[in-house]
Amino acid sequence: MNMIVSAIGQGLLWALLGLGLYLTFRILNFADMTVEGTFPLGAAVAVTSITQGVSPILATLFAGVIGIIAGLITGLLYTKGKIPSLLAGILVMTAIYSINLRIMSKSNISLFGKANLFVNKFLSNLPKYFDSVFIGLLFIIIFTLFISFSLNTNFGQAFIATGDNPQMAKSLGIKTDRMIILGLMISNGLVGICGALIAQNNGYADINMGIGTIVIALASIIIGEVIFKNLTLNQRLVAVTLGSIIYRLLLLLVLQLGFNTNDLNLISAIVLAICMMLPQLEKKFNLKKVLLKGVRKHD
Amino acid sequence: MTNPVLELKEITTKVNQGTNRELTILKNISLKVNKGDYITIIGTNGSGKSTLFNVISGLMQVSVGKIYLNGKDITNLKEENRSKFLSRVFQDPKLGTAPRMTVAENLLLALKRGEKRNFLPRNLKNYFPQFIQLTKSMHNGLENRLNAPTEVLSGGQRQALSFLMAIIKKPDILLLDEHTAALDPKTSATLMNETDNQISRGHLTALMITHKLEDALKFGNYLLILNQGKIKFIFGKEEKKRLTVNELEKFLI
């Protein structure tokens, strides 16, 4: 039971990453590799700040701000520098690696014995692992509500139109470059905060903790979409969180089956690849019919 | 004397400038479009019809010359900023609408064409009575599909929506770029007639590129023939009446 609660807590904390990438990947149609850098950047900034005596809340906020700046740079490279989206993201991600080393001065910093968001009186009274469920829920609810409200404003609709048909958006007077930059900023801000939360939850920041984050984020988005089809926009935002939780439960299952933890990234990639191929597989092998046949009464 | 709505002054457009692939598309074009003018434009492929629209809408910069809108120099104004005054319907139904957004959402986006998009709730439902009335005017069932994403609409419905989006907020100038060319003959004729109705009812100023010579003669109060980047002829309404399709074909050669 404890393991399941822990997986749910992890799913909720990591959901912020999925939500951030949803804005760029699904709404703006922009595969933003920056997140692989922003995630450990958020972690590095938060942990270093806390070790320097900054309050955990402020340190988490710093992580968000620095993520926003990273997103801004990718956005400028793409819109003003005319560098292709994938490459712009990879450039910033690569640059951030060095910056992270500068911030942390070494490849790993522990938060042992320091204050963090998960260490307080209220949370310590909760049953084991419920601290991450509480903090995860708190953050994901706040940001899901914020994004949901924003997307349903006139501004948000222009943002969605930018991703859906940039040429049309421009012809309606929408400043598409500005929208893309802003989307990348908010997205990377969320990813930075997610990095800060995960680092505080784990008790350390590591230079390599960004590896594979884009796969985790995509898995949350795509598992949510594959399981809950035909959703409204608001429901889709919630489905990202559910997808993130299901992904963690899947990983738990895989580990329970005796797989090596070193293989986690390999397993994550395989899970994601299968999820992404499902629509094609469904078509090719007529999966639905085969599955239904299995549960129907025989003639 | 009032300014023309649109004035092109000695416009020349070149592509690949400064390279050995340099090509002049529009050559020294001057044109005045007055309020209420409805000009049909014909020309062979490569005559510069779409480039003319690209230049007017700001999608393409001019190499030489000036563009004035209501007397104001807009030559260097970006496409996004020109949208305040002009709207355009493309030939491809897919270009004019956001596929994953619903019909109503697309209409609301267009209703705010050229305006600053504020951070207030969009209140989409409040606009439904207006949208139902507007879409009904197209007589193709669009009013029953306001909540459907535009990607599931038929080509005719989608293009009708593109047209409505272009006129829902009255533009100073409306550009129709062969907007019925991708449709079957019946749907095309219906949309063309409805286009004509809306233009005369709304006293719109419009330029329409067409490949159909019958349409070029039937609609509009001026007919402009482009040839190799130059304006070859402009016919007024009375002259147009006397022209036949066969005669017009000869002008195109």
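What follows draws every value from the coordinates through simple rules; no lab data is involved. What you are looking at is a predicted structure, and each value in this text was computed from that prediction instead of being measured. Note that we place each Cβ from the backbone using ideal geometry, even for glycine, and neighbour counts take in every protein chain shown.
Here are the numbers for this structure:
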quantity: Ranking of A:Ile99, A:Ile142 by count of other Cβ atoms within 10 Å, fewest first; calculated: A:Ile142, A:Ile99
quantity: DSSP-loop chymotrypsin sites (Phe, Trp or Tyr not before Pro) across the range A:190-281, with at most 15 other Cβ within 10 angstrom; calculated: A:Phe228, A:Phe259
quantity: Peptide-level mean, for B:114-120, of C-beta atoms on other protein chains within 10 Å; calculated: 6
quantity: Nearest-ten-degree value, helix B:155-167 long axis tilted from longest Cα axis of chain B; calculated: 80 degrees
quantity: Unit Cα scatterers, Debye sum, chain B: log10 I(q)/I(0) for q = 0.10, 0.14 Å⁻¹; calculated: -0.50, -0.97
quantity: Exposed trypsin sites (Lys or Arg not before Pro) absent - longest run of chain A, DSSP non-H/G/I/E/B, at most 11 other C-beta within 10 Å; calculated: A:129-228
quantity: Cβ-based charge dipole, the protein assembly as shown, positive-most Cα from B:Leu134, B:Leu153, B:Gly43; calculated: B:Leu134
quantity: Span-rule helices in chain A, defined as complete DSSP H runs reaching 18 Å or more along the axis (Cα) with Kyte mean at least -1.0; calculated: A:2-21, A:35-51, A:56-79, A:85-104, A:130-151, A:176-202, A:213-227, A:233-256, A:264-285
quantity: 20 Å reach of a label modelled at A:Lys106, 7 Å along Cα-to-Cβ, counting backbone N of the range A:48-75; calculated: A:48-54
quantity: Cα-based convex hull, the range B:94-147, per residue volume (Å³, whole number); calculated: 98 Å³
quantity: Label-to-label distance, nm, for residues given as A:Lys289 and A:Thr51 (7 Å Cα→Cβ offset); calculated: 6.1 nm
quantity: Helical mean residue ellipticity (222 nm; -39500 (n - 2.57) per DSSP H run of 4+; nearest 500) of chain B; calculated: -9000 deg cm²/dmol
quantity: Value of D in µm² per second that Stokes-Einstein yields for the range A:2-263, Kirkwood Rh from Cα pairs, at 20 °C (1.002 mPa s); calculated: 116 µm²/s
quantity: Residues of type lysines that B:Lys232 reaches as a straight line, Cα spacing below 23 Å, ignoring anything fewer than 8 places off in the same chain; calculated: B:Lys9, B:Lys14, B:Lys27, B:Lys32, B:Lys35, B:Lys49, B:Lys66, B:Lys212, B:Lys218, B:Lys240, B:Lys241, B:Lys250
quantity: Efficiency of FRET from Cβ geometry, A:Gln167 and B:Thr44, R₀ 35 Å, rounded to 0.05; calculated: 0.85
quantity: Ranking of B:Thr205, A:Thr74, A:Thr162 by count of other Cβ atoms within 10 Å, fewest first; calculated: B:Thr205, A:Thr162, A:Thr74
quantity: Residues whose placed amide H lies under 5 Å from that of B:Phe233, excluding near-sequence neighbours; calculated: B:Ile225
quantity: Expected 222 nm ellipticity per residue - DSSP helices of 4 or more, -39500 (n - 2.57), all of chain A, to 500; calculated: -25000 deg cm²/dmol
quantity: Estimated dipole of the range B:56-188 in Debye, rounded to 20 [Cβ of Lys and Arg +1, of Asp and Glu -1, Cα centre]; calculated: 480 debye
